[in-house]
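Note sheet for the following structure.
Just so it is clear, none of the values below were taken in a lab; they were calculated from the coordinates. None of these values were measured; they are calculated from a predicted model. No Cβ is skipped: glycine too gets one built from the backbone with ideal geometry, and neighbour counts run over all protein chains shown.
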Amino acid sequence: MSGYQIETKCVQSGYTPGNGEPREVPIYQSTTFKYATSADMGKLFDLEASGYFYTRLQNPTNDFVAAKIADMEGGTAGMLTSSGQAANFFAIFNIATQGDHVVACSTIYGGTFNLFNVTMRKMGIDFTFVNPDCSDEELENAFKPNTKAVFGETIANPALTVLDFERFAKAAHAHGVPLIVDNTFATPVNCRPFIFGADIVTHSTTKYMDGHGAAVGGAIVDSGQFDWMAHAEKFPGLTTPDESYHGITYAEKFGKEGAFITKATAQLMRDFGSIQSPQHAFLLNLGLESLHVRMKQHCDNGLALARFLHDHPKVDWVSYPSLPGDKYYPLAEKYLPHGSCGVVSFGVKGGRKEAEEFMGRLKVFAIETHVADARSCCLHPASSTHRQLTEQELIDCGISGNLVRMSCGLEATKDLIEDVEQALG
Ligand SMILES: *Cc1c(COP(=O)(O)O)cnc(C)c1O
């Protein structure tokens, strides 16, 4: 479906039924797959033939849905993972290992920050965090000889900073490493980072893509643009033989278009087993079929709420990239011209206590550790998702004590505004 518009891709990409086959993506509820001879199966193990043998590595339902997401992003290959956390872990660990270094934006999602800053450090991978608004010089200084990737979020959760893709891609490429972008909040409906130089895209499909708060999941897509062989010494995992896979050199055998995802599947998925269940992939696909329709309403509600908050006397500040006057409005105009997302962050006048009281009075917005689904919800990051961070780390990732993250769902705009109005009092 690669020649079609994003709306058509949301509905139809990834799965093309043959004559008399099911119109909707079938759920292959099977852990295993049958073969006539051992030799047939051996070819799969050697990656000499493509096919399925065990759902811990691959399942047809997952592959249909991954192919849809890859097509929506304009990439060459994709895979699903059990969660967004697994997607970001795989995306980095596929090219960075013990002794390597990664440059990441300081405003990234709290779970990802923790994964990088605590857990992956324990694995011997070093991270330098830079503010997405840092100067070119600061960005340049963050690189080390052992840097293997640059990582950022299109729209940061919950700081709502917008990544200047072209600047970050240019810096990454000048150092011979890929730019990896978590595109969860924008979704490919509102932004396709590959157009602006990103090389790998990740998603927490748990958010808008599923869109109904039904299934945790993640995805990774490769643009097929990054030339691993041109920087072979930096990426031995892709450019030298994999002894755990009969000496295959991924970048040689699968080229720029397929090496990254093939390695992540054959090696990381095999060993870590963070596969998405086919049931979840089916639910995710139902969400994708209406993503383009839903994103419009999420964005309309987000902008209306941001405008309302902006003019309200009990509001300290509002952050919403698509609100004229917002610090990120110029970047949003450039990279997100059709809208950003349904998430609005703002500061309740007063502080932490006033923020918590405001939230307690809401009726339509529910207090949840979730974001970006059909039902409106809200969260106080300083006392929940980000409570393990120090005061300085909170400041670095753009979170103040009075910050409330509002996620506008698909309800009537009027009802959402009135709920916030009564709760502000
Ligand atoms: C939620 C989220 C994640 C983590 O995804 P899970 O599916 O919860 O594991 C990663 N990145 C961003 C931007 C997110 O919002």
Relative contact order of region 292-424, defined on C-alpha pairs under 8 angstrom at six or more residues apart (%) = 29
In degrees from 0 to 90, rounded to the nearest 10, what is the angle of the helix 278-289 Cα long axis to the longest principal axis of the chain?
-> 60
Residue order, fewest to most surrounding Cβ atoms within 10 angstrom, among Val318, Val364 = Val364, Val318
What is the antiparallel percent of DSSP beta bridges lying wholly in the chain, to the nearest 5?
-> 60
Largest-first principal axis extents of the Cα set of the chain (Å) = 72, 55, 36
Given a cut-off of 19 Å, what percent of all Cα-Cα pairs of region 280-331 lie beyond it?
-> 44
Long-range amide H partners of Ala104 with built H, under 5 Å = Thr128, Phe129, Val130, Phe151
Along each principal axis, Cα extent of region 1-74, largest first, Å | 43, 27, 22
If contacts are Cα pairs under 8 angstrom and at least 6 residues apart, what is the relative contact order of region 131-178 in percent?
-> 40
Mind putting together the pair-distance distribution for region 173-320? All Cα pairs, 5 Å bins, whole percent per bin, short to long.
-> 2, 9, 14, 15, 15, 14, 11, 9, 5, 4, 2, 1, 0, 0
Evaluate E = 1/(1 + (r/R0)^6) for Gln5 and Lys43, where r is the Cβ-Cβ distance and R0 equals 51 Å; express this FRET efficiency to the nearest 0.05.
-> 0.85
Once you charge only the Cβ atoms, +1 for Lys and Arg and -1 for Asp and Glu, what is the size of the charge dipole of region 44-119 about its Cα centre, to the nearest 20 debye?
-> 240
Given the pairs Lys144/Lys234; Lys34/Lys253; Lys68/Lys256, which span a C-alpha to C-alpha distance of over 21 angstrom in this model?
-> Lys34/Lys253
In degrees rounded to 10, the 0-90 angle between helix 250-263 Cα long axis and the longest Cα principal axis of the chain is 50
Mind checking which of Pro158, Ser407, Gly110 is farthest towards the positive end of the chain's charge dipole, using Cβ charges of +1 (Lys, Arg) and -1 (Asp, Glu) about the Cα centre?
-> Ser407
Please list, in chain and number order, the residues 5+ apart from Tyr109 or on another chain whose amide H is under 5 Å from its amide H, with Hs placed from the backbone.
-> Asn157
For region 292-424, just list the percent of Cα-Cα distances falling in each 10 Å bin from zero outward, please.
-> 13, 45, 35, 7
Between Rg and the Kirkwood Rh of region 231-284, both from Cα atoms, what is the Rg to Rh ratio?
-> 1.09
Measure nothing but the geometry: give the 0 to 90° angle between the long axis through the Cα atoms of 413-424 and the longest principal axis through the Cα atoms of the chain, rounded to 10°.
-> 60
³J(HN,Hα) across region 79-86 via Karplus (A = 6.51, B = -1.76, C = 1.60, θ = phi - 60°), whole Hz, x for Gly/Pro?
-> 8, 9, 10, 5, 7, x, 4, 5
Under a GNM of the chain (C-alpha, springs under 10 Å), which listed residue has the highest mean-square fluctuation: Ser135, Ser274, Ser376?
-> Ser135
Taking a crude spin-label model, label points 7 Å out from Cα along the C-beta direction, the Thr413 to Thr97 distance in nm is 5.3
